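The numbers here are math on the coordinates, done by the rules we state, and not lab data. Keep in mind the model is a prediction, meaning the values are calculated, not measured. No Cβ is skipped: glycine too gets one built from the backbone with ideal geometry, and neighbour counts run over all protein chains shown.
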Ligand SMILES: O=C(O)CCC(=O)C(=O)O
Ligand SMILES: [Fe+2]
């Protein structure tokens with residue numbers, strides 16, 4: 001099963017909405033073309049990330065990761081798949097919490113303090129793209145106009161309301177071991193929020209999705225840009241809350257990062273950049289008023305007798321499991 005490419009700049013927004021819902025309800029991963037991102041934006045983001053990871057560890061670790069999931073995560077700290085990967089993932093990361101009034105609401109290493117305008121620009125562009133996609137998804141799910149219509153998800157993702165959104169730089173070190181478990185760089189997992197944007201570089205593939213349709217691992221290969229100056233198509237995946245909200249119609253698929261033996265042998269590094277979009281903390285995870293979702297609900301999914309929790313309550317539970325924080 002290959003990953004569909006959806007052009008969100010096409011004139012017929014109903015067609016784009018339908019294509020997006022089709023991709024999100026089958027593989028749960030899709031390439032988005034026609035966004036506002038330029039190649040220069042992407043280059044700027046990766047340059048910043050590389051400069052940071054090159055710093056001495058004391059400088060990177062000026063702000064270590066907190067239970068809120070903000071800060072520097074050293075190699076092997078994150079355990080995404082504890083059963084198969086008890087040692088943790090061989091990767092480093094820096095997570096920026098939601099940007100409000102031009103900065104994340106937590107301390108930053110000095111290096112990032114000096115880069116706030118660039119970081120704010122990139123983060124807000126990521127959030128804006130997620131809102132555009134959430135509007136298309138609401139359109140494709142035919143959410144009733146008098147219940148919020150195309151804005152139903154967007155109204156629960158307002159940029160200035162507190163949320164668990166995370167902008168993340170990732171660095172997978174070269175590690176030239178051929179053992180199969182060392183090829184797995186990010187253990188199999190699903191994402192916690194509503195939608196995830198993923199930027200990867202040409203020649204640094206590695207992402208694999210477990211297709212809910214074929215039950216096989218599918219490689220998400222880099223797709224080059226088709227328009228000069230535009231960013232290459234951006235990988236977007238459905239995360240847990242959007243799946244929960246739609247009674248499983250949109251698929252939050254299991255994925256992982258695995259280096260192929262060639263990349264492993266060549267001792268190649270990999271950098272990726274991820275934006276985890278989350279709903280506002282107080283958003284209730286109640287079923288969306290879509291006739292398509294209602295049909296599934298009638299068959300028993302997301303039963304209404306289940307307690308309705310908020311996005312924040314859901315996130316706290318997931319983080320406690322991933323980093324082993326005792327809550
Ligand atoms: O680095 C990647 O390509 C994927 C990372 C990922 O899935 C995650 O951080 O949740
Ligand atoms: Fe992920």
Problem set entry | Gyration tensor (alpha-carbon) shape descriptor, segment 16-138, a/c threshold 1.5 | oblate
For this session: Rounded to the nearest 10 degrees, what's the angle between the helix 13-24 long axis and the longest principal axis of the chain, both from Cα atoms, 0 to 90?
Result: 60
For this session: Can you tell me the order of 11-19, 187-195, 154-162 when each peptide is scored by its average per-residue count of other Cβ atoms within 10 angstrom, highest first?
Result: 187-195, 154-162, 11-19
For this session: Can you tell me which of 276-287, 111-122 comes out highest on packing, and rank the rest after it, using the mean Cβ neighbours within 10 Å?
Result: 276-287, 111-122
Seminar exercise, completed: Nearest 10, in degrees from 0 to 90: the angle of helix 311-323 to the longest Cα principal axis of the chain is 30
Exercise. Across the Cα atoms of the chain, what radius of gyration and what greatest pairwise Cα-Cα distance (Dmax) are found, in Å?
Worked result: 19.1, 58
Seminar exercise, completed: Helix 116-140 sits off the longest principal axis of the Cα atoms of the chain, rounded to the nearest 10 on a 0 to 90 degree scale, by 30
